[in-house]
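What follows is a single structure, written as C-alpha cells, with notes after it.
The values are calculated or read from the model by the stated rules, or taken from the named source; none is laboratory data. Just so it is clear, the structure is predicted and the values come from calculations on it, not from any experiment. Don't worry about glycine lacking a Cβ; one is built from the backbone with ideal geometry, like all the others, and counts go over all protein chains shown.
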Amino acid sequence: MREIMFDVEQSIFLKKDDNFDDDHVFVAGLARSGTTILLNAIYQSNQFASLTYDDMPFILAPNFWAKISPRKSHGNLKERAHGDSIRVSTNSPEAFEEVFWKTFVDDLKTSEEFFIKFISLILKKNNKTRYLSKNNQNIRRLGLISEIFPRSKILIPFRDPLQQTLSLFSQHMKFVKEQNEDTFVRDYMKWIGHSEFGLDYRIINPSNLLYPNEKEFNHWLEQWYLTYKSVLELSVKYEEFYLIGYESLCGNPKVWINVKDLLGINQETKYLFKETKKVIGQTFDNNLSDKCYRLYESLVSKSFGI
C-alpha cells in the first residue's frame, strides 16, 4: 500500500523540471542525545521543510494527503509520549522518515533514487528548497546519507554517557511496560519504525556483546560506547559530519550561534537548551564506564562549535 501511494504521489506531483537544493541537514544520533531539541531549534528558523505530525498517516504521499485531508488547526502543545517535557503539536516536526526506509529497505539502488524523490516531494509540499531530517535510525546509515547528499550537513549529537544511558534504559523499560499494556502503542511504534527501545527494539551493534540483555543497564552503556566509537571513526572519513556535544550546546551559547552559521540560518533565532542531570541509581561496569568517558572526551575534543 505504501509503495502504491508513493507511486501515485510521484506521478501527480513530481515534475522533470523540478529543481531543489541538495544542501540539506540530517540530525542523527543515538536516541536520547538531544536530537529532537536540536531539530526543533533548527526548524523554528522556517528555512527548512520537514515531516510533521500533519503528514500522518500518508508519510510517503505528503502532497496528496495535504490536498485531500481536511484543513487542520494545529491545536495545543502537548507533552509527547516519552514523558520528557518536550511538547508537540500537529505542526511539530518528527522522525517519520524511517517509514520510507522500512518500505524500500530491500533494494539499495532503488532506495537511493527514491529517497532523493521523496525529499523532493516534501520540499514541494512545503515550498522550501532545503530539507531537515531527524531520524535516530540514520545512525545505521550515516555513510549512505552522506554519499546520496554529499553537500548536506550531518549533525550527530552526543551526551554524557551515563546520563544518556540512563535515559535510554528508562525509556526502554517505560515503553516495554506500555506496549505490554496497550497493543496500539506497540503497533504505532512499529509502523513508524521507532525501534530504539520497546518490545521491538533493534540492537544497533549486535556482535560480540558483553551485555546482550537489554534489561540490563550495562547493555545500553555498551551500545553507547560501540555506537559513538563507530561515529568517531567515520567522522575522520566524512568531513560533513559534525559532532555536537549536548552539554556544550546547553552551557555555551557560542555553540548554537556557530551551528546556525554552519547551516546558513540567516535570522535571529533563540532556543532554550536545558541540560538535566539525574541520579544514576543503577549499578554498572566501572571499566566499561571508564572506556565510555575516555571516548566522550575524544568526542568533545572533536565536537563542533566550542
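In table form, for the structure just shown:
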item: Members of segment 103-153 that are touching a helix residue (DSSP H, G or I) at 6+ places or on another chain (Cβ under 8 Å) and among the basic types (Lys, Arg); result: Lys117, Lys124, Lys125, Arg130, Lys134, Arg141, Lys153
item: Residue match in segment 176-183 (condition: in contact (Cβ under 8 Å) with a residue 40 or more places away in the chain and either hydrophobic (A, V, I, L, M, F, W, C) or not in a helix (DSSP H, G or I) (or both)); result: no
item: Of all residues making up segment 251-269, the number that are in contact with a Ser or Thr (Cβ under 9 Å, 6 or more places away or on another chain) and of a type outside the set (D, E, K, R); result: 7
item: Residues satisfying the stated conditions in segment 282-306, i.e. over 22 Å from Tyr242 (Cβ atoms) and in a helix (DSSP H, G or I); result: Asn286, Asn287, Leu288, Ser289, Asp290, Lys291
item: Trp220 within 14 Å of Pro161 (Cα to Cα) and either among the small types (Gly, Ala, Ser) or in contact (Cβ under 8 Å) with a residue 24 or more places away in the chain (or both); result: yes
item: Segment 282-295, subset farther than 30 Å from Ile42 by Cβ and either in contact (Cβ under 8 Å) with a residue 24 or more places away in the chain or of a type in the set (Lys, Arg) (or both), residue surrounded by the most Cβ atoms within 10 Å (Cβ to Cβ); result: Phe284
item: Pair list, Cβ < 8 Å and 6+ apart or interchain, from segment 36-48 residues that are in contact (Cβ under 8 Å) with a residue 60 or more places away in the chain and within 11 Å of Asn126 (Cβ to Cβ) to residues that are of a type in the set (Val, Ile, Thr) and in a helix (DSSP H, G or I); result: Phe48/Ile42
item: Condition check for Ala31: on the phi < 0 side of the Ramachandran plot, surrounded by 14 or more Cβ atoms within 10 Å (Cβ to Cβ), modelled with pLDDT of 95 or more and in contact with a Leu (Cβ under 9 Å, 6 or more places away or on another chain); result: yes
item: Residue in segment 195-202 that is more than 30 Å from Asp23 (Cβ to Cβ), assigned to a helix (DSSP H, G or I), hydroxyl-bearing (Ser, Thr, Tyr) and within 17 Å of the chain's Cα centre (by Cα) present; result: no
item: Selection status of Leu210, more than 19 Å from the chain's Cα centre (by Cα) and either among the basic types (Lys, Arg) or not in a strand (DSSP E or B) (or both); result: yes
item: Some residue of segment 60-82 being assigned to a loop (DSSP other than H, G, I, E, B), modelled with pLDDT of 90 or more and farther than 30 Å from Leu272 by Cα; result: yes
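Matching residues to (1) of a type in the set (Phe, Trp, Tyr); (2) closer than 24 Å to Lys229 by Cα; (3) touching an Asp or Glu at 6+ places or on another chain (Cβ under 6 Å); (4) loosely packed, with under 15 Cβ neighbours inside 10 Å:
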residue: Ile148; (1), (2), (3), (4): no, yes, yes, no
residue: Phe158; (1), (2), (3), (4): yes, yes, no, no
residue: Leu162; (1), (2), (3), (4): no, yes, no, no
residue: Leu166; (1), (2), (3), (4): no, yes, no, no
residue: Asp187; (1), (2), (3), (4): no, no, no, yes
residue: Arg202; (1), (2), (3), (4): no, yes, no, yes
residue: Phe217; (1), (2), (3), (4): yes, yes, no, no
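Conditions (1) assigned to a helix (DSSP H, G or I); (2) under 22 Å from the mean Cα position of the chain (by Cα); (3) in contact (Cβ under 8 Å) with a residue 60 or more places away in the chain, marked per residue:
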{"residue": "Tyr225", "(1), (2), (3)": "yes, yes, yes"}
{"residue": "Lys229", "(1), (2), (3)": "yes, yes, yes"}
{"residue": "Ser235", "(1), (2), (3)": "yes, yes, yes"}
{"residue": "Ser248", "(1), (2), (3)": "yes, yes, no"}
{"residue": "Leu262", "(1), (2), (3)": "yes, yes, yes"}
{"residue": "Ile265", "(1), (2), (3)": "no, yes, yes"}
{"residue": "Tyr271", "(1), (2), (3)": "no, yes, yes"}
{"residue": "Ile280", "(1), (2), (3)": "no, no, yes"}
